[in-house]
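Working notes for the structure below.
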Amino acid sequence: MQVSAKLKNLRVSQRKTRLVADMIRGKDVATAKVQLQFSTKKTSDNILCLLNSAIANAKNNFNLDENNLYVASIIVEEGPTLKRWRPRAMGRASAIKKRTCAVNIILDEVKKEEKADKKAKPTKAGKKEKEVEAEKEIAK
């Protein structure tokens, strides 16, 4: 079940916001929260609020468990640009573009099969525990 949340008219350029978005893409929710809390970027606080909003949507609207969620995708798009003018020498003016962006985040549930694969740790020989147990049974 996919859950989404949107943030519009964020007063930071999309280029700077994408740096933060790339840090959490594909990570589970707990790791993404920690990553955003300790980031020094200006946008990280806004994206953390957006992530918390998406988690709340998942809990309240779809009765999903927070521990089973991960960031499936996070998309940063260009928003409307504020155009301002700055006075320059000899009566001229130069343009200032105050850029904004829109952020869409989509959370998804981790499937049980994927969780099982993550828990199966390889042994020293590089084989999974299940393979080692199967070999022991064959040897008996």
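Residue-wise test of (1) assigned to a helix (DSSP H, G or I); (2) modelled with pLDDT of 95 or more; (3) under 13 Å from Asp108 (Cβ atoms); (4) not assigned by TED's automatic domain parsing to the domain that holds Asn104.
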residue	(1), (2), (3), (4)
Lys8	no, yes, no, no
Arg15	yes, yes, no, no
Val34	yes, yes, no, no
Asp45	yes, yes, no, no
Leu50	yes, yes, no, no
Leu64	no, no, yes, no
Tyr70	no, yes, yes, no
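Suppose we keep only residues that are under 16 Å from Ile47 (Cα atoms) and among the polar types (S, T, N, Q) within segment 65-116. Which one would you say is farthest from the chain's Cα centre (by Cα)?
Restricting to residues being under 16 Å from Ile47 (Cα atoms) and among the polar types (S, T, N, Q), the top hit is Thr100.
Has segment 75-94 got any residue that is assigned to a helix (DSSP H, G or I), modelled with pLDDT under 95 and surrounded by fewer than 12 Cβ atoms within 10 Å (Cβ to Cβ)?
no
Residues in segment 108-130: is at least one modelled with pLDDT of 70 or more and part of a strand (DSSP E or B)?
Within segment 108-130 (the criterion being modelled with pLDDT of 70 or more and part of a strand (DSSP E or B)), the answer is yes, since at least one residue qualifies.
What's the number of the only condition in (1) modelled with pLDDT under 95; (2) surrounded by 10 or more Cβ atoms within 10 Å (Cβ to Cβ); (3) not in a helix (DSSP H, G or I) that Glu133 fails to meet?
The number of the failed condition is (3).
The values are calculated or read from the model by the stated rules, or taken from the named source; none is laboratory data. In this text the structure is predicted, and so the values were computed from the model without any measurement. Reconstructed Cβ throughout: ideal geometry from the backbone, glycine too, with neighbour counts over all protein chains shown.
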